[in-house]
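Chemist: Structure in structure tokens, see below.
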Amino acid sequence: MQNKARGRSKSEEKRSQIVDAAGDLFMEQGYESVSMEGIAKLAGVSKQTLYSHFGSKEQLFSAAIQCKCEEYPLADTLDNESRSCRESLEHYCGHLIELLLSPEAIQVYKVCVAEADRSDVGQLFWEAGPARVREQLCDFFARNTAAGNLNIDDIDMACSQLISMLHGQVQTRILLSMTDCSELDKRELHRYSQRCVDMFMAFYGS
């Protein structure tokens, strides 16, 4: 996982190195097999420096997931007041489907499913990624329902429906190794996400 930014302090640079190293190791080795010592070694920092930024492996895993999500301008897309409700949702879903079907997201998902019975990794993943997406969408739906742009009586259900549509059978085929992430056409993904928004707005639009 590459976390690029300019004008950061040395402390921020160290933190970024640590998060990138942790993300790479979690994807390669799984959650349980990764040690804080191994992360420090790959990041090129001391264990003291590592623990000054992150007190536990759990915190690091959550930070790695959040870092990946931040590569996609999800929240900013929904807060753009120059776009209509539909336009904001189209942009958001376009970015979200790219995130959901990215190689990194698929690999982390596989790790979480494989190790969920042995650790809290599934809960950590949910709180750092999917729960934040749901929170963003639910807030957007609530604001636009209040403004009269949407007509939603069960916001949580509407959120689940839209996210489920975006996952679609493509994610299932990728998880079953029937389709390779590198074979995905971004234009087709965006066309699919737009159709999902069309169906959503046909039912919930005012």
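The values are calculated or read from the model by the stated rules, or taken from the named source; none is laboratory data. The model shown is predicted, which means the values in this text are computed figures rather than measured ones. So basically every Cβ, Gly included, is an ideal-geometry build from the backbone, and we count neighbours across all protein chains shown.
Chemist: Right, Leu176: aliphatic (A, V, I, L, M), in contact with a Phe, Trp or Tyr (Cβ under 9 Å, 6 or more places away or on another chain) and not assigned by TED's automatic domain parsing to the domain that holds Tyr31 or not?
Modeler: No; evaluated as a whole, the condition is false for this residue.
Chemist: Here is a check on your reading of the model: is Arg143 outside any loop (DSSP other than H, G, I, E, B), among the charged types (D, E, K, R), loosely packed, with under 12 Cβ neighbours inside 10 Å and over 19 Å from the mean Cα position of the chain (by Cα)?
Modeler: No, not satisfied.
Chemist: With respect to Arg173, determine if the residue is more than 16 Å from the chain's Cα centre (by Cα), surrounded by fewer than 18 Cβ atoms within 10 Å (Cβ to Cβ), farther than 17 Å from Ser88 by Cβ and of a type in the set (Lys, Arg).
Modeler: yes
Chemist: Return yes when Val45 is in contact with a Cys (Cβ under 7 Å, 6 or more places away or on another chain) and either at pLDDT 85 or above or of a type outside the set (D, E, K, R) (or both) and no when it is not.
Modeler: no
Chemist: Further question on the same structure: State which residue is nearest to Tyr204 (Cα to Cα) when the search covers only the range 49-70 and only residues that are in contact (Cβ under 8 Å) with a residue 40 or more places away in the chain and polar (S, T, N, Q).
Modeler: Gln66
Chemist: Looking at Gly94, Gly148, which is the one that is at pLDDT 90 or above, of a type in the set (Gly, Ala, Ser), surrounded by 20 or more Cβ atoms within 10 Å (Cβ to Cβ) and more than 20 Å from Leu25 (Cα to Cα)?
Modeler: Result: Gly94 is the single residue among Gly94, Gly148 that is at pLDDT 90 or above, of a type in the set (Gly, Ala, Ser), surrounded by 20 or more Cβ atoms within 10 Å (Cβ to Cβ) and more than 20 Å from Leu25 (Cα to Cα).
Chemist: From Arg132, Arg118, Arg195, which residue is among the basic types (Lys, Arg) and buried (at least 16 other Cβ atoms within 10 Å of the Cβ)?
Modeler: Arg132
Chemist: Let me ask something else about it. Among the residues in the range 16-23, are any modelled with pLDDT under 90 and under 19 Å from Ala116 (Cα atoms)?
Modeler: yes
Chemist: Here's something else I'd like to know. Only one of (1) within 17 Å of Glu58 (Cα to Cα); (2) assigned to a helix (DSSP H, G or I); (3) free of Cβ contacts under 8 Å to residues at least 24 places away in the same chain; (4) not polar (S, T, N, Q) is not met by Asp156, so which one is it?
Modeler: That leaves (1) as the condition not met.
Chemist: If you don't mind, there's one more thing I want to ask. Given the residues Leu162, Leu99, which is the only one that is closer than 23 Å to Glu70 by Cβ, of a type outside the set (Gly, Ala, Ser), without any contact (Cβ under 8 Å) to a residue 60 or more places away in the chain and surrounded by 16 or more Cβ atoms within 10 Å (Cβ to Cβ)?
Modeler: One residue alone meets the criteria, Leu99.
Chemist: Inspect the range 23-43 for any residue being surrounded by 20 or more Cβ atoms within 10 Å (Cβ to Cβ), in contact (Cβ under 8 Å) with a residue 40 or more places away in the chain and over 16 Å from the mean Cα position of the chain (by Cα) and give the result as yes or no.
Modeler: Yes: one or more hits.
Chemist: Considering the range 7-22 alone, what residues qualify as being among the basic types (Lys, Arg) and touching a residue at least 12 places away in the same chain (Cβ under 8 Å)?
Modeler: Lys14, Arg15
Chemist: Just need a number here: residues in the range 42-59 that are part of a helix (DSSP H, G or I) and under 12 Å from Gln17 (Cβ atoms).
Modeler: Number of matching residues: 5.
Chemist: Moving on. Which of the residues that make up the range 71-85 are in a helix (DSSP H, G or I) and free of Cβ contacts under 8 Å to residues at least 60 places away in the same chain?
Modeler: Matches in the range 71-85: Asp76, Thr77.
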